[in-house]
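Asks: Here it is: the structure, laid out below.
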Amino acid sequence: MYILGIGCYYHDSSAALLNDGKIVAAAAEERFTRMKHDTSFPINAINYCLKSQEITIDDVDYIGFYEKPFIKFERVLFQHIEMFPRSFKTFLSSTPSWLNEKLRTIGTIRKKLKYKGDVMFIEHHMAHAASSFLASPFNKAAILTIDGVGEWTTTAYGICKDNNINLIKEIKFPHSIGLLYSTITAYLGFSVNNSEYKVMGLSAYGIMDTKKNPYYKRLKKVIDIKDDGSYRLNMKYFIYHYANRMPSKKLCDLLGGPIRKKDGEITKRHKDIAAALQMITEEVVVKILSYLHKVTKLDNIVIAGGVGLNSVNNGKILKNTPFKHIWIQPDAGDGGTSMGVALYIYYTILGNKRDYVLKSAYLGPEFISKEIREFLDFHKIKYSEFKNDDELVKRVAHLIYKNNIIGWFQGKMEWGPRALGSRSIIANPCNPEMKDILNLKVKHREYFRPFAPVVCRDDVEDYFDCDTPLPDSTDFMLMVYPIKKKWHDKIPSVTHVDGSGRLQTIRREQNSLFYDLIREFEKFSGIPILINTSFNIRGEPIVCNPYDAYRCMMGTGIDYLVIDRFLIAREDNPHHMWNSKQDIKD
Amino acid sequence: MGVVSKMSIIRLFFKGFKQGIHEFGTSIGSIINSVLLTLTYFVGVGLTSVVAKAVHKHFLETEISKRKKTYWSDLNLTKKPIEEYYRRF
């Protein structure tokens, strides 16, 4: 039985295909259209899912959509009524897309896919919950879904058992910790629904002490947090419920200055505001989870929703709450809801026995050697070819050790926003200058952004002060942990300013080539860790196909591209045709 | 001027004319849309809002209360009969 899950029209459109209870293909639309956070109907992602299983749309038994569009429209309409006449501009700008597109979901699915079967609609937060719990290793768990907003819900908690998920309580729009995070992201001059992770990275440069950070007290005025973690925002500080912008003038006054201009200087004030926001977010999540544990008395917690991508917060949950085990799926944000809706239909609505755990995020497109060779030959690209994986791993590990930057393109593309060793840029973490080289010459991004370490799972406890037992979500780069002090100087390029690292663990059974590469690098350096960052330039989605990868390499300071068994040196090929530097966006 | 170049000028003219008409139509469509949406906003949304405010009805709960012990509200979202999932509401 095939079930296709679809999520679209807000941000991060995606599609996921389930075959007899197992996710067999999943991808975000942005990877195909090359528009970051693409909101459009995910026709390319759907086509990929179908093609990967060599089926047509007629073979699909059910299609699931990730929200109830009419309930969401009701909320939007109520916003306009409540905020009349201040909502006039947003009414004019947003209503046409509702009438032309968002309320015609069934028609669009039938027309674009020529699909005649059943279409089901699942509530947004239920799709989030299902994406996490039904892919988790737990039979029983407490659940927290926390994001910007679904239909009405912004935060919900509940209990999951076997095939069933019961979301018991909620916090409703306009009160949203996700939207608070986005508002401060906008205030700090970064793009909303895109750069929240930059604010998270910036927060480590500010004062992470509630008593010493001057903005913590100020920011607490915008939110009332109860002992059980429930909260409400003081809406005088926000305008997102009636305008296309987020912070109000009152918020700017509270934080002591206007919204930072996009390319403006990042001062200590900005860093402290980011830190204050991060502390408040952590406070809310810890309070909710402590209360949730009291209510459910369960040891397992699963988290979903955009706030579940806050890896700094995630790494502190087991330490600061009574929960003993945590699970977060690789795409905890809206992109993951397509997977959630497919799982929910198969396991909860249709009641099939649960026997699936998501163990790997490699669910996207892959390219065979023949296709890659044809691409390289067609474009007259100079390359060499390795005879086998052993030779490849040895040569590439040596290149990394000699401080070359490698574009690593192997196998199936990752599901979710993180590059996990299929579409990665990898480099030497022992070189103290590598962070600046990568930030300025390769990624063309802000100086303060940290790089993630990828480490063999067997070695993690030697290098990190992490939870024991180690949560499986570290495989998806979703937890930040302190790096042990003695290693700070040895792996400076993956040690953030506060001594932490956004850890990715890798097991050989998940990705043997990547695992072996790290082991081979260890033979040269003595360290089984590499820098792993997403294979893209700022503002672009992660590369999907060989063309994207080659184009990205030629427009950046990447020295070599390793694609399948082919090695391409940047210096051997002409640059002028492939200058992607000009395409840098925020 | 040859017959061929005359034809290409005519073709170019009609191509430009067609494009102009299309853009004109799009602009007119946007104007009509804006007028209709403005009317809907002030008559439909506006009147409802005025009446709601008169009877103290709120569509968004924005009040912060220090006296309240919790802001959690009941959701009780769980498995429903299958026909519920075919609805968009």
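Asks: Of the residues that make up segment A:109-116, is at least one of a type in the set (A, V, I, L, M, F, W, C) and closer than 24 Å to A:Gly21 by Cα?
Replies: Yes, some residue in segment A:109-116 is of a type in the set (A, V, I, L, M, F, W, C) and closer than 24 Å to A:Gly21 by Cα.
Asks: For segment A:197-237, which positions are over 27 Å from A:His496 (Cα atoms) and part of a loop (DSSP other than H, G, I, E, B)? If you could, list the steps in order and put the result at the bottom.
Replies: Step one: list which residues in segment A:197-237 are over 27 Å from A:His496 (Cα atoms), which gives A:221-237.
If the condition is that a residue be over 27 Å from A:His496 (Cα atoms) and part of a loop (DSSP other than H, G, I, E, B), then A:Lys221, A:Val222, A:Lys226, A:Asp227, A:Asp228, A:Gly229, A:Ser230, A:Asn234 are the ones that fit.
Asks: From the list A:Glu385, A:Glu391, which residue is modelled with pLDDT of 95 or more and in contact with a Lys or Arg (Cβ under 6 Å, 6 or more places away or on another chain)? Talk me through it step by step, then tell me what you get.
Replies: Working: A:Glu391 fails: in contact with a Lys or Arg (Cβ under 6 Å, 6 or more places away or on another chain).
Only one candidate passes the filter, namely A:Glu385.
Asks: Here are some residues: B:Thr48, B:Thr62. Which one is assigned to a loop (DSSP other than H, G, I, E, B), under 31 Å from the mean Cα position of the chain (by Cα) and of a type in the set (Ser, Thr, Tyr)? Give the derivation first.
Replies: Details: B:Thr48 fails: assigned to a loop (DSSP other than H, G, I, E, B).
Result: B:Thr62 is the single residue among B:Thr48, B:Thr62 that is assigned to a loop (DSSP other than H, G, I, E, B), under 31 Å from the mean Cα position of the chain (by Cα) and of a type in the set (Ser, Thr, Tyr).
Asks: Right, here's the next one. Taking B:Glu63, is it among the acidic types (Asp, Glu) and more than 30 Å from A:Ala129 (Cβ to Cβ)? Walk me through it before giving the result.
Replies: Values: among the acidic types (Asp, Glu): yes; more than 30 Å from A:Ala129 (Cβ to Cβ): no.
It is false that B:Glu63 is among the acidic types (Asp, Glu) and more than 30 Å from A:Ala129 (Cβ to Cβ).
Asks: Still on this structure, please answer the following. Of all residues in segment A:30-61 being surrounded by fewer than 17 Cβ atoms within 10 Å (Cβ to Cβ) and among the basic types (Lys, Arg), which is modelled with the lowest pLDDT?
Replies: We begin by selecting, within segment A:30-61, every residue surrounded by fewer than 17 Cβ atoms within 10 Å (Cβ to Cβ); these are A:34-35, A:40, A:47, A:51, A:53-56, A:58-59, A:61.
Restricting the remaining residues to those that are among the basic types (Lys, Arg) gives A:34, A:51.
Values: A:Arg34: 95, A:Lys51: 98.
Selected residue: A:Arg34.
Asks: Looking only at segment A:359-386, count every residue that is assigned to a loop (DSSP other than H, G, I, E, B) and more than 22 Å from A:Gly421 (Cβ to Cβ) and tell me the total.
Replies: Counting residues in segment A:359-386 that are assigned to a loop (DSSP other than H, G, I, E, B) and more than 22 Å from A:Gly421 (Cβ to Cβ) gives 4.
Asks: Another question about this same structure. Within the bounds of segment A:235-257, is there any residue that is buried (at least 17 other Cβ atoms within 10 Å of the Cβ), assigned by TED's automatic domain parsing to the domain that holds A:Asn213 and within 30 Å of A:Lys294 (Cβ to Cβ)?
Replies: yes
Asks: Further question on the same structure: Taking into account only those residues within segment A:540-571 that are of a type in the set (Asp, Glu) and either in contact with a Phe, Trp or Tyr (Cβ under 8 Å, 6 or more places away or on another chain) or without any contact (Cβ under 8 Å) to a residue 24 or more places away in the chain (or both), which is surrounded by the most Cβ atoms within 10 Å (Cβ to Cβ)?
Replies: Of all residues in segment A:540-571, those of a type in the set (Asp, Glu) come to A:540, A:548, A:559, A:564, A:571.
With the extra rule that they be either in contact with a Phe, Trp or Tyr (Cβ under 8 Å, 6 or more places away or on another chain) or without any contact (Cβ under 8 Å) to a residue 24 or more places away in the chain (or both), the set shrinks to A:564, A:571.
Details: A:Asp564: 21, A:Glu571: 8.
Per the stated criteria, the residue is A:Asp564.
Asks: Name the pairs: first residue in segment B:64-85 and without any contact (Cβ under 8 Å) to a residue 60 or more places away in the chain and more than 7 Å from chain A (Cβ to nearest Cβ), second residue among the aliphatic types (A, V, I, L, M) and surrounded by 10 or more Cβ atoms within 10 Å (Cβ to Cβ), Cβ to Cβ under 9 Å, at least 6 apart or on different chains?
Replies: Final answer for the pair search is B:Lys80/A:Ile349.
Asks: Name every residue in segment B:1-53 that is of a type in the set (Val, Ile, Thr) and either away from chain A (no Cβ under 13 Å) or on the phi > 0 side of the Ramachandran plot (or both), in order of residue number.
Replies: Let us first name the residues in segment B:1-53 that are of a type in the set (Val, Ile, Thr), namely B:3-4, B:9-10, B:21, B:26, B:28, B:31-32, B:35, B:38, B:40, B:43, B:45, B:48, B:50-51.
Selection gives B:Val3, B:Val4, B:Ile9, B:Ile10, B:Ile21, B:Ile28.
Asks: While we're looking at this one, here's another question. Yes or no: segment A:374-387 includes at least one residue that is surrounded by 22 or more Cβ atoms within 10 Å (Cβ to Cβ) and of a type in the set (D, E, K, R).
Replies: Checked segment A:374-387: no residue is surrounded by 22 or more Cβ atoms within 10 Å (Cβ to Cβ) and of a type in the set (D, E, K, R).
Asks: Out of (1) outside any loop (DSSP other than H, G, I, E, B); (2) buried (at least 17 other Cβ atoms within 10 Å of the Cβ), the odd one out for A:Tyr356 is which?
Replies: So A:Tyr356 meets the others, but not (1).
Asks: Return yes when A:Glu67 is in contact with a strand residue (DSSP E or B) (Cβ under 8 Å, 6 or more places away or on another chain) and part of a loop (DSSP other than H, G, I, E, B) and no when it is not. It would help to see each step written out before you state the result.
Replies: On the way: in contact with a strand residue (DSSP E or B) (Cβ under 8 Å, 6 or more places away or on another chain): yes; part of a loop (DSSP other than H, G, I, E, B): yes.
Taking the combined requirement at face value, the residue satisfies it.
Asks: Considering (1) over 18 Å from A:Ala274 (Cα atoms); (2) within 12 Å of another protein chain (Cβ to nearest Cβ); (3) of a type in the set (A, V, I, L, M, F, W, C), say which one A:Ile146 fails and leave the rest.
Replies: Here A:Ile146 clears every test but (2).
Asks: Of the residues A:Leu188, A:Leu179, A:Leu167, which single one is touching a residue at least 40 places away in the same chain (Cβ under 8 Å) and facing chain B (nearest Cβ under 7 Å)?
Replies: Among A:Leu188, A:Leu179, A:Leu167, only A:Leu167 is touching a residue at least 40 places away in the same chain (Cβ under 8 Å) and facing chain B (nearest Cβ under 7 Å).
Asks: Based on this model, can you work out whether A:Ser93 counts as within 11 Å of chain B (Cβ to nearest Cβ), over 27 Å from the mean Cα position of the chain (by Cα) and buried (at least 21 other Cβ atoms within 10 Å of the Cβ)?
Replies: On the way: within 11 Å of chain B (Cβ to nearest Cβ): yes; over 27 Å from the mean Cα position of the chain (by Cα): yes; buried (at least 21 other Cβ atoms within 10 Å of the Cβ): no.
Considered against the rule, which asks whether it is within 11 Å of chain B (Cβ to nearest Cβ), over 27 Å from the mean Cα position of the chain (by Cα) and buried (at least 21 other Cβ atoms within 10 Å of the Cβ), A:Ser93 comes out as no.
Asks: Out of all the residues in segment A:458-474, is one or more at pLDDT 95 or above, assigned to a helix (DSSP H, G or I) and in contact with a Lys or Arg (Cβ under 7 Å, 6 or more places away or on another chain)?
Replies: Yes, segment A:458-474 has at least one match.
Asks: While we're looking at this one, here's another question. May I ask you to list the residues in segment A:66-82 that are more than 8 Å from chain B (Cβ to nearest Cβ) and either surrounded by fewer than 22 Cβ atoms within 10 Å (Cβ to Cβ) or in contact with a Phe, Trp or Tyr (Cβ under 6 Å, 6 or more places away or on another chain) (or both)? First the steps, then the outcome.
Replies: Restricting attention to segment A:66-82, the residues satisfying the condition of being more than 8 Å from chain B (Cβ to nearest Cβ) are A:66-67, A:72-73, A:75-76.
Listed by number, the residues that qualify are A:Phe73, A:Arg75, A:Val76.
Asks: Restricting attention to segment A:96-114, does a residue exist that is away from chain B (no Cβ under 14 Å), among the charged types (D, E, K, R) and either touching an Asp or Glu at 6+ places or on another chain (Cβ under 9 Å) or without any contact (Cβ under 8 Å) to a residue 40 or more places away in the chain (or both)? Don't jump to the end; show me each part of the working.
Replies: Residues of segment A:96-114 away from chain B (no Cβ under 14 Å): A:111-114.
Still in the list and also among the charged types (D, E, K, R): A:111-112, A:114.
Checking which are either touching an Asp or Glu at 6+ places or on another chain (Cβ under 9 Å) or without any contact (Cβ under 8 Å) to a residue 40 or more places away in the chain (or both) leaves us with A:111, A:114.
Within segment A:96-114 (the criterion being away from chain B (no Cβ under 14 Å), among the charged types (D, E, K, R) and either touching an Asp or Glu at 6+ places or on another chain (Cβ under 9 Å) or without any contact (Cβ under 8 Å) to a residue 40 or more places away in the chain (or both)), the answer is yes, since at least one residue qualifies.
The values are calculated or read from the model by the stated rules, or taken from the named source; none is laboratory data. Keep in mind it's a predicted model, so treat the numbers as computed, not measured. Every residue, glycine as well, gets a Cβ built from its backbone with ideal geometry; the counts of neighbours run over all protein chains shown.
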